[in-house]
Every structure is written in C-alpha cells, then in structure tokens.
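What follows is one structure encoded as structure tokens, with my remarks underneath.
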Amino acid sequence: MTLEPAPFVEMTDDDNPWIEGLFLVFVIGLAVAFARLIGGLLLTASLPLPDSVLEAIVTAIKQSLLGVAVDQTQAEVLLRQLWPWITTSLQYGSGWLRMLTLIATPLLYICQWLGYGILCHLVARLLGGSGSTGQTLGVIALSLAPRLLLVAMVIPFVSVSGLLVHGWGILIAYRGLEVAHDLPPARAAGAALAPLALGAIVLLTVTFAALTLSALTGGGA
C-alpha cells in the first residue's frame with residue numbers, strides 16, 4: 001500500500017465505502033488467522049510435544065536456580081500455570097482452541113478498525129474535516145493492509161516487526177484522512193494520532209489507579 005491518493009479517492013467515492021472497508025478488514029483478518037493456524041501446525045510438527053518441552057524447561061530452571069535464594073517451587077508452579085497461555089499464543093500444541101483463531105482474529109481486527117476509525121472521524125470533524133463516517137471507515141480500512149505482512153508467520157519461527165506494521169498503518173491512516181476529509185497534512189496527522197494518544201492516556205490512568213489501589217490496600221494490611 002503506497003501513499004498515493006488514488007486508492008483513497010476510489011474508496012471515498014465508492015457508494016458504500018464502509019461496506020468495502022468491512023469486507024477488506026475481514027479478509028485481512030481471515031488471511032492472518034489462517035497463516036497463524038498453519039504456522040502453528042508446522043511449529044507443532046517440528047518440535048517435541050509441549051509437555052516434553054515444559055518438563056525440559058522446568059528441569060533447566062531448577063538447575064539454574066541451584067544455590068540461589070529463590071523459591072523453586074513457586075517458579076515451577078507459575079510456569080505450569082502460564083504454559084497453556086504461552087502455547088496457545090504461539091499456536092503450539094494441539095487442541096480445538098487453535099481453531100478459535102479463525103474467528104477471533106477477524107473479529108478483533110473489525111473491532112480495532114471500528115474503534116480507531118470512529119475516533120479518527122470525530123477528531124477529523126473537530127479539526128474541520130468534511131468526510132462522512134462511511135468514508136472515514138473506508139479509508140481507515142486501508143490502513144490495515146500492512147498486516148498482510150503477518151501472513152509470513154505461516155513459516156515457523158518467522159516474526160514480523162509490530163513497529164513496522166503499525167507505523168506503516170498510521171501513515172496510511174494519515175493519508176486517508178487527508179484525502180477523505182480534505183484536511184491539511186498537520187491536521188490529518190493529528191486526527192490519525194489522536195486515538196493513540198487517548199489510548200496511552202487511558203492505559204496510564206488505569207495503571208496508575210491500579211498501582212495506587214494496590215499501595216493503599218497493602219498499606220491498610
């Protein structure tokens with residue numbers, strides 16, 4: 001996906017840009033989900049059984065902690081509790097849970113697209129933009145195109161830079177908002193970055209509140 005205006009103009013002029021955007025996001029999510037599923041199957045086939053790997057890791061941890069003032073039992077219990085989540089996130093192992101990726105990934109992408117797109121639209125209109133909600137969602141859908149790079153995960157042990165994928169996506173969103181809302185570059189950039197800034201503020205606020213509550217609870221104890 002380049003930053004040339006043609007794709008954004010075409011999406012903006014479409015009769016139902018948000019429908020086109022929804023279809024595009026769904027297809028991208030499904031492609032990434034299939035890549036993760038197949039990559040997980042290949043990873044599982046190329047490695048020992050997850051239980052064997054877990055026991056090997058536990059043994060290695062116990063040996064590395066010999067003579068160290070650390071509770072080995074707690075470390076082992078924590079690892080065993082986290083292991084199912086680790087294997088699931090890596091699509092490593094067997095089980096029907098891996099099939100949920102085919103549903104969860106497209107739904108997650110659609111929710112991210114809607115949330116980010118609506119916030120971008122609100123900010124763009126506040127900054128003097130003239131595009132409709134449907135046009136905004138249409139061009140924002142194009143910003144998910146870099147996530148097709150994640151299809152490379154079909155190859156075991158291959159990783160794709162999240163910074164590259166999301167940074168490229170923000171650039172596309174900026175260009176799309178500039179075209180759809182007829183905004184100057186600075187305002188279009190502000191509209192593209194505002195949802196990220198809001199998300200960071202919310203995350204910091206929640207983290208600070210959780211730490212404060214934890215400190216107060218601990219102090220009360």
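Of all residues in segment 140-155, those that are β-branched (Val, Ile, Thr) and either modelled with pLDDT of 95 or more or closer than 25 Å to ASP14 by Cβ (or both) total 1. Selection within segment 8-28: residues that are farther than 19 Å from ARG175 by Cα and more than 25 Å from the chain's Cα centre (by Cα). The member of this set that is modelled with the lowest pLDDT is ASP15.
Of everything in segment 137-173 that is of a type in the set (Val, Ile, Thr) and either buried (at least 20 other Cβ atoms within 10 Å of the Cβ) or in a helix (DSSP H, G or I) (or both), the residue that is farthest from the chain's Cα centre (by Cα) is VAL139.
For GLY115, the criteria (1) in contact (Cβ under 8 Å) with a residue 24 or more places away in the chain; (2) more than 30 Å from GLY39 (Cβ to Cβ) hold in every case but one, which is (2).
Of the residues that make up segment 203-221, is at least one over 30 Å from PHE34 (Cβ atoms), at pLDDT below 95, assigned to a loop (DSSP other than H, G, I, E, B) and more than 20 Å from the chain's Cα centre (by Cα)? Among the residues of segment 203-221, at least one is over 30 Å from PHE34 (Cβ atoms), at pLDDT below 95, assigned to a loop (DSSP other than H, G, I, E, B) and more than 20 Å from the chain's Cα centre (by Cα), which makes the answer yes. Could you list all residues from segment 4-48 that are of a type outside the set (Val, Ile, Thr) and without any contact (Cβ under 8 Å) to a residue 40 or more places away in the chain? Within segment 4-48, GLU4, ALA6, GLU10, ASP13, ASP15, PHE23, ALA45, PRO48 meet the criteria. Summed over segment 1-39, residues that are among the acidic types (Asp, Glu) and in contact with an Asp or Glu (Cβ under 8 Å, 6 or more places away or on another chain) total 2. For segment 178-200, state whether one or more residues are charged (D, E, K, R), surrounded by fewer than 21 Cβ atoms within 10 Å (Cβ to Cβ) and out of contact with any His (no Cβ under 9 Å at 6 or more places or on another chain). The answer is yes, given that some residue of segment 178-200 is charged (D, E, K, R), surrounded by fewer than 21 Cβ atoms within 10 Å (Cβ to Cβ) and out of contact with any His (no Cβ under 9 Å at 6 or more places or on another chain).
The values are calculated or read from the model by the stated rules, or taken from the named source; none is laboratory data. These numbers come from a predicted model, not from an experiment. Ideal geometry is used to build each Cβ from the backbone, glycine not excepted, and the neighbour counts take in all protein chains shown.
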